[in-house]
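Taking it in order: structure first as structure tokens, then the write-up.
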Amino acid sequence: MGKLEGKVALITGAARGFGAEAARVFAKEGAAVVLGDIIDEAGAAVVQEIQAAGERARYFHLDVSQEDDWRRVVDESVKVFGKLDILVNNAGIVPSISSIEERTVEEWDRVMAINARSVFLGTKHVIPQMRRVGGGSIVNISSLAALGQSQIMEAAYAASKAAVRTFTKVTAGQHAKDGIRCNSIHPGPIDTDMLRAACADPEAVARRLSRIPLGRLGQIREIVAGVLYLASDDASYTTGAELVIDGGALVQ
Ligand SMILES: NC(=O)c1ccc[n+]([C@@H]2O[C@H](COP(=O)([O-])OP(=O)(O)OC[C@H]3O[C@@H](n4cnc5c(N)ncnc54)[C@H](O)[C@@H]3O)[C@@H](O)[C@H]2O)c1
């Protein structure tokens, strides 16, 4: 029996990267999976792949910064699969590198809306559904940037991910009574499209790796293993925790 048999999971930013792989793994583990993203063609392709393997999945357009999108997608998910047990707040963006002095208010607000407001909105709209079925698990993808190596982190991104870290703990504290667990994951540099775009220059990658004791980029599956653990009943006594998957970066 799969680790998520009988569960329904909603994953944001699920068209590629961590989100797409989490959707594939969750479906294999027995969950019905709702994938939300703004790149609809890529999201639909992941769903087709999951359905072709005989597993259950649906794609919905979901801009995580927009409350109306959340209302619609939560409603549709419950209509299609009957309930929601798991939410993975994964969608996020990395802004172009800029100093604090040069960062514009519009850019700052956009990063905050997609990386942090999104987690508030998703949590807000999913809590009533989880309470209705006696509980659930929320997994928020934060970052190493929320915890350390501040000298090399981009300020807007780091601040947005720190907001996710603290919001996770408040959610865990306030909704344990509803049977809802909420935890954050803090990946170091992982080999995805996002990282390749942010570190296109091989020297930038080498500089990044010099600060990683394990001496390599992480792989998507190494993050998804953590997401699966926290989403599943294996983590039934874990809430408000931060799971750091960073190749040892914080040791330095
Ligand atoms: N890759 C890394 O090294 C790394 C490290 C730490 C944290 N993270 C975090 O992990 C998460 C996933 O990262 P990834 O590397 O898989 O990135 P990715 O860019 O490959 O995937 C992110 C997904 O989010 C989607 N997205 C962007 N804006 C959206 C919006 N407004 N609404 C809905 N979806 C939207 C994108 O279309 C994309 O499919 C992000 O939150 C990121 O900040 C990544």
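The values are calculated or read from the model by the stated rules, or taken from the named source; none is laboratory data. Everything numeric in this text was worked out from a predicted model, so none of it was measured. Accessible surface areas use protein heavy atoms only, side chains included; no ligands, DNA or RNA. Shrake-Rupley method; radii C 1.70, N 1.55, O 1.52, S 1.80 Å.
Ranking Asp68, Asp191, Asp109 by solvent-accessible area of protein heavy atoms (1.4 Å probe, all protein chains present), from largest to smallest, gives Asp68, Asp109, Asp191.
Please determine, in degrees from 0 to 90 and to the nearest 10, the orientation of helix 118-132 with respect to the longest principal axis defined by the Cα atoms of the chain, where the helix direction is its Cα long axis. Tilt of helix 118-132: around 20 degrees.
Out of residues 5 or more away from Ile245 or on other chains, whose amide H comes under 5 Å of its own, with H placed 1.01 Å from N in the peptide plane? Residues meeting the amide H criterion: His186, Gly188. Heavy atoms of the protein chains alone define the surface here; on that basis the chain has 46 Å² accessible area per residue at 1.4 Å probe size. Here the chain has 53 percent of its accessible surface on carbon and sulfur atoms, given a 1.4 Å probe and all protein chains in place.
Angle, helix 67-81 long axis vs. longest principal axis of the chain, Cα atoms, 0 to 90°, nearest 10? With rounding to tens, the tilt is 40 degrees.
Considering only alpha-carbon pairs that sit under 8 angstrom and 6 or more positions apart, the relative contact order computed for the chain is 18 percent. Note: relative contact order over region 9-102, using C-alpha pairs below 8 Å and six or more positions apart, is 32 percent.
Distance from the C-alpha centroid of region 206-233 to that of region 1-47: 19 Å, rounded to the whole angstrom. Amide H contacts under 5 Å for Leu87: Leu10, Ser137, Ile138, Val139, restricted to partners 5 or more places along the chain or on a different chain, H placed in the peptide plane at 1.01 Å from N. Relative contact order, whole percent, for region 106-233 stands at 28, derived from Cα pairs under 8 Å and 6 or more residues apart. In sequence order, region 89-101 has phi-based couplings of 7, 10, 4, x, 10, 10, x, 4, 5, 8, 6, 4, 5 Hz under the Karplus curve 6.51 cos²θ - 1.76 cosθ + 1.60, θ = phi - 60°, and Gly or Pro positions carry x.
Mean residue ellipticity at 222 nm, helices only, the chain: -13500 deg cm²/dmol; runs of at least 4 DSSP H residues each add -39,500 (n - 2.57), and the sum is divided by the number of residues. Note the angle between two axes, namely the Cα long axis of helix 40-52 and the longest principal axis of the Cα atoms of the chain, as a number of degrees from 0 to 90, rounded to the nearest 10. So the helix axis and the longest Cα principal axis differ by about 50 degrees. Length gained on full extension, Lys169 to Ile100, computed as 0.36 nm times the residue gap minus the Cα-Cα distance: 22.1 nm.
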